[in-house]
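Visitor: Can you keep this structure in mind? I'll have questions shortly.
The values are calculated or read from the model by the stated rules, or taken from the named source; none is laboratory data. A quick note: this is a predicted structure, and the numbers were derived from the prediction, not measured. With ideal geometry, Cβ positions are generated from the backbone for all residues, glycine too; neighbour counts draw on all protein chains shown.
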Amino acid sequence: MRNITHNPSVFILRIRIFSMNKQQMNGRIDEAKGKVMEVTGKMLGNEKLELRGKIQKKAGQVRAGVGDVAEDINHPSKAL
């Protein structure tokens, strides 16, 4: 039985499936940073920090969404 993981075309396919564009990656990072700020603000009782975290988290979701749309446009076969 042949191991398909050594097939170069399968390797390239794996890279394309698990890759993100910059907008997606930066959006997900902003989401995570916002969540950390939100939870930290909640723990410390700092409403301003909590609100800033929520705003950054939402901005990250929007940015990641833009990246998702761009990815769907550039690679329509992945959208299915």
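Visitor: Pairs only if they're at least six apart or on different chains, beta carbon under 8 angstrom, first in segment 48-69 and more than 11 Å from residue 26 (Cα to Cα) and of a type in the set (A, V, I, L, M, F, W, C), second surrounded by fewer than 18 Cβ atoms within 10 Å (Cβ to Cβ) and modelled with pLDDT of 95 or more; list them, first residue then second.
Guide: 49/40
Visitor: Would you check which residues across segment 1-31 are at pLDDT 60 or above and either surrounded by 13 or more Cβ atoms within 10 Å (Cβ to Cβ) or not in a helix (DSSP H, G or I) (or both) and list them?
Guide: 19, 20, 21, 23, 24, 25, 26, 27, 28, 29, 30, 31 - these are the residues of segment 1-31 that are at pLDDT 60 or above and either surrounded by 13 or more Cβ atoms within 10 Å (Cβ to Cβ) or not in a helix (DSSP H, G or I) (or both).
Visitor: Then there is this: For segment 37-54, what are the residues that are loosely packed, with under 13 Cβ neighbours inside 10 Å and assigned to a helix (DSSP H, G or I)? Steps first, please.
Guide: Step one: filter segment 37-54 for residues loosely packed, with under 13 Cβ neighbours inside 10 Å, giving 43-45, 47-48.
Of everything in segment 37-54, those that are loosely packed, with under 13 Cβ neighbours inside 10 Å and assigned to a helix (DSSP H, G or I) turn out to be 43, 44, 47, 48.
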